[in-house]
Amino acid sequence: MQEFFDQIQDPNIMQQITNKANVSEEEVRRVAALGIPTLLEAMDRNAEDDRGAENLTRALNEHANDNPYEPVGFLDRFLGGGGEGERMVDHIFTGNGRQVENSMASRTGIQPDTVKRILSVLAPLVLAHMASKWSKNQRAQQDVPQQQPYPSDPNRGQNQIPGGPRIEMPDLRTQPHRESVRDFTKQTRRQVEDRTGGSIFDMAKDILVGNDATEKDNGGGLLEDLLGGLFGKR
């Protein structure tokens, strides 16, 4: 995920984000420092049950060809009159988008409506980035040469009719597997956690359930540390 944080700091991409959301660069960075980990935490939770895993797999497959690094047309699609970006945020947060926005606003000092606009830009970018990685992982798995079952088994004739076709065992790597989606979301989550420490996801959990900001959160020190960890010194 670090390349994603680096990419959204590209001046051209950042300008598109600020223009589309009508916000400042500093507001984007502050909301992104909390919003992106919170989005990842929510997707990780959603993937814990079968329906959530299926929905996330479908979304990743549908957005596999999106290019978040050519944001002009990409963001127009999500921020147009249809409000697709807002719907995506609400879906990821399972209908609790407003609660998340209010909780995040109390920690960043940014108005809830501004948080909402920024999240509506960030969510499609995050999903497109993840979908690209997911698609590459799936292609890599499918490109692994398939092994023939029991190549050195002296009793392999039991799986083959003399003179007839060999009975192939199913290749489980190419079959839908809920754990693969869960592993993917957890791996993505860990990439951010390694960069910032576990405290960011503790805060993300509080944000998702609407807990009030703690004195430490409001002090701003933790958020500043997160900004430094995710975006570095600029």
ASN96 versus (1) within 27 Å of ILE13 (Cβ to Cβ); (2) modelled with pLDDT of 85 or more: which is the lone unmet condition? (1)
Filtered residues of the stretch 13-41 (kept if without any contact (Cβ under 8 Å) to a residue 12 or more places away in the chain and not charged (D, E, K, R)): GLN15, THR18, ASN19, SER24
Please name all residue pairs, on different chains or six or more residues apart, with Cβ atoms under 8 Å, provided the first residue is in the stretch 102-129 and is under 18 Å from GLU3 (Cβ atoms) and the second residue is of a type in the set (S, T, N, Q) and in a loop (DSSP other than H, G, I, E, B). ALA128/ASN67
Of all the residues that make up the stretch 1-10, how many are of a type in the set (Asp, Glu) and either crowded, with 21+ Cβ neighbours inside 10 Å or more than 14 Å from the chain's Cα centre (by Cα) (or both)? 2
Flagged in the stretch 11-39 as more than 15 Å from the chain's Cα centre (by Cα) and aliphatic (A, V, I, L, M), in numbering order, are ILE13, MET14, ILE17, ALA21, VAL23, VAL28, VAL31
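The values are calculated or read from the model by the stated rules, or taken from the named source; none is laboratory data. Just so you know, these numbers come straight off a predicted model, no measurement behind them. FYI the Cβ positions are ideal-geometry reconstructions off the backbone, even for glycines, and counts take in every protein chain you see.
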